[in-house]
Amino acid sequence: MTVRLEFERADLLNIRLAAAADPMWELTFGVRRLRPTHGVDPRYAQWHHGVRTRSAAQSVAQRTLAMAWNLMCPEQDTAVQTMSADRLRTGCAFLAEASSGPAAATACPLPAWVARLAASGEDRPRQWTTIAQRAYELVVRPHWTTVADLVSADRLARGRTMVDRGVGDLLAGLPGVIRWDGTVLELRSSRDRTVRLGGAGLTLVPSYFCGAVPTLATGPERTAALVYPVGWPGPIGSTPPDDDRLEVLFGRTRARCLRLLRSPHTTSMLAAAASVSLGTASRHATALRKAGMITSSRRGGAVLHRVTPLGLAVLAGRHSG
């Protein structure tokens, strides 16, 4: 089955990449991926086992997942329904607060089940919010740093494709694309349909947990969103295979510093975390900054270092080809 996206000239001028990983999408697809009817994709096997192991030891966690399945996996097996903009704004806050990543301000549309939070009375939305937060803690949060890094790396690679080769190559190279002829994008889908974008454009949303088939979300009050799978050289929950190669390239300590700087550190914090002297941490930070892997900015009397999109791409084992 396929979905056909019909583009106008105005649509091609309004192609956007989501700013960061979106916890709402990752939670929804993550919970759906735990459903027994889906089987276990080898890419998610270690993650699946980890979630099952953690939930088996917690009766509350088991009940949380059971309720989350009911909320996010309705019998009519449609991944995403339409939603009005005001419900999107109402529903977005609760998981953004639970997220440890930079996705709180993303403008991606929310999955359909969130509409129930906004449309019901006062008690049940509060109950469902609690369920969703607990499910997020169990399913997504333990791997959020990896998910966010992979999404950032994919975004960097797609952005470079668009800059270097144009929007046509960007669209043609998306996972699941069957054909792009300049006006129609044809993709694998869970059902057949044709969607006319009508000049509103398209937001591209990379996601770890969405699986192999892209998902299209449309609605009259917002830009259509195409959620597609990021690439990953190994299963989540395992040690990325590029770790050894990073150490060969940078040396063990410098590679460790780069991995640590996925979250911001001052020089003294970096020295403590890497178990090196302040001077050694400063030298490694300087080398990484000169290579474009991190940025450094002064905050009061300290210097704060953080990884760049290029550094994230290197950590995630991605390149722009």
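Below are the figures for this structure:
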{"item": "Count - residues of region 169-194 that are of a type in the set (A, V, I, L, M, F, W, C), touching a residue at least 60 places away in the same chain (Cβ under 8 Å) and buried (at least 17 other Cβ atoms within 10 Å of the Cβ)", "result": "4"}
{"item": "Hits in region 162-208 - residues which are out of contact with any helix residue (DSSP H, G or I) (no Cβ under 8 Å at 6 or more places or on another chain) and of a type in the set (Gly, Ala, Ser)", "result": "GLY166, GLY168, ALA172, GLY176, SER189, SER190"}
{"item": "Some residue of region 50-68 being in contact with a Pro (Cβ under 9 Å, 6 or more places away or on another chain), modelled with pLDDT of 80 or more and crowded, with 20+ Cβ neighbours inside 10 Å", "result": "yes"}
{"item": "Restricting region 1-17 to residues that are surrounded by 18 or more Cβ atoms within 10 Å (Cβ to Cβ) and under 19 Å from SER190 (Cβ atoms), the residue that is modelled with the highest pLDDT", "result": "LEU5"}
{"item": "Scan of region 160-183 for residues that are in a helix (DSSP H, G or I), over 21 Å from VAL314 (Cβ atoms) and β-branched (Val, Ile, Thr), ordered by number", "result": "VAL167"}
{"item": "Unique residue being assigned by TED's automatic domain parsing to the domain that holds ARG43, in a loop (DSSP other than H, G, I, E, B) and in contact (Cβ under 8 Å) with a residue 12 or more places away in the chain when the list is ALA212, ALA153, ALA157", "result": "ALA212"}
{"item": "Lone unmet requirement of (1) farther than 24 Å from THR308 by Cβ; (2) modelled with pLDDT of 85 or more for PRO206", "result": "(1)"}
{"item": "Check on LEU278, modelled with pLDDT of 80 or more, among the aliphatic types (A, V, I, L, M), surrounded by 22 or more Cβ atoms within 10 Å (Cβ to Cβ) and out of contact with any Phe, Trp or Tyr (no Cβ under 9 Å at 6 or more places or on another chain)", "result": "no"}
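Let's see how each residue does on (1) under 30 Å from ASP169 (Cβ atoms); (2) outside the structural domain of GLY159 (by TED's automatic domain parsing); (3) more than 23 Å from the chain's Cα centre (by Cα); (4) touching a residue at least 12 places away in the same chain (Cβ under 8 Å):
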site	(1), (2), (3), (4)
ARG256	no, yes, yes, yes
LEU260	no, yes, no, yes
SER277	no, yes, yes, no
LEU288	no, yes, yes, yes
GLY300	no, yes, yes, no
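The values are calculated or read from the model by the stated rules, or taken from the named source; none is laboratory data. Only a predicted model underlies this, so the values are computations on that prediction, with no experimental measurement involved. Heads up, the Cβs are rebuilt from the backbone with ideal geometry, glycines too, and the neighbour counts pull from every protein chain shown.
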